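The structure appears below as structure tokens.
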Amino acid sequence: MANNPESKQNPPTLTDRLRKIFQVPIEKVGMFLYRRGVKPNILTFSGVIGTFVGAYFVADGQLILGGIIIMCMGPIDFLDGAVARARGEPEAFGAFVDSVSDRYIELMIYGSLIWYFAVNDEMLWAVFTFLAAGGSVMVSYVRARAQGLGYEAKVGILTRVERFVVIGPSIIFCIPQVGVAIVALLANFTAFQRIVFVRRQAKAGRKTND
């Protein structure tokens, strides 16, 4: 099933495109940091802590400051992997740690927004934020579960980078409602896209076995 031809038809995501465009400078920066003794786990941990600080300011109502801090943490998601490759560390484990930290980072952002909306008696938007958080988690879970069964599921219109690009600026411009609404709708739609994509691979696999 893992060799199903349809699994090779994943269109490149925004993350894939960005990694390809900035691959050379990212690798150079990664090598520079490696030679300075920086470890990938330090970068990953810094991203988590930095996002926590930004999320605190968002929950406190300081949206511009919190949003800027959160956005500044984004590039670390690329650099920790580059440093790990420069060190020759196993990419599978690094990807695992990176994925786990990404989930914590997203949940901190959404948690801060739920707090912000609740304090300001905007419970409808708190519910929308919960839906956005649920959709974001499901996008990642569907892919992870599919890979565990031998399928691929990278398709979808709102992967992590797209969600970050939507939610971050919406906080900075003090219109988190817009970002939350977009993510709540499109993240859950992306999860559905991936479910359908895996189902097609499963059906094609059964036909092949027949």
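Here is how the numbers come out for the structure above:
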| quantity | calculated |
| --- | --- |
| Spin-label model distance (nm) - residue 177 vs residue 21, 7 Å beyond Cα toward Cβ | 3.1 |
| Where labels lie 7 Å past Cα in the beta-carbon direction, separation of residue 32 and residue 64 in nm | 3.0 |
| Label-point separation in nm, residue 141 to residue 199, each point 7 Å along Cα→Cβ | 1.8 |
| Cα centroid separation - the stretch 29-57 against the stretch 150-208, whole Å | 26 |
| The chain - Rg and Dmax from Cα coordinates, angstrom | 18.3, 60 |
| Sequence-separation-based contact order of the chain, relative, with Cα cut under 8 Å and 6+ spacing, percent | 27 |
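A short reminder: the numbers here are calculations on the coordinates, not readings from a lab. What you are looking at is a predicted structure, and each value in this text was computed from that prediction instead of being measured. Positions of Cβ are backbone-derived with ideal geometry, glycine not excepted, and every protein chain shown enters the neighbour counts.
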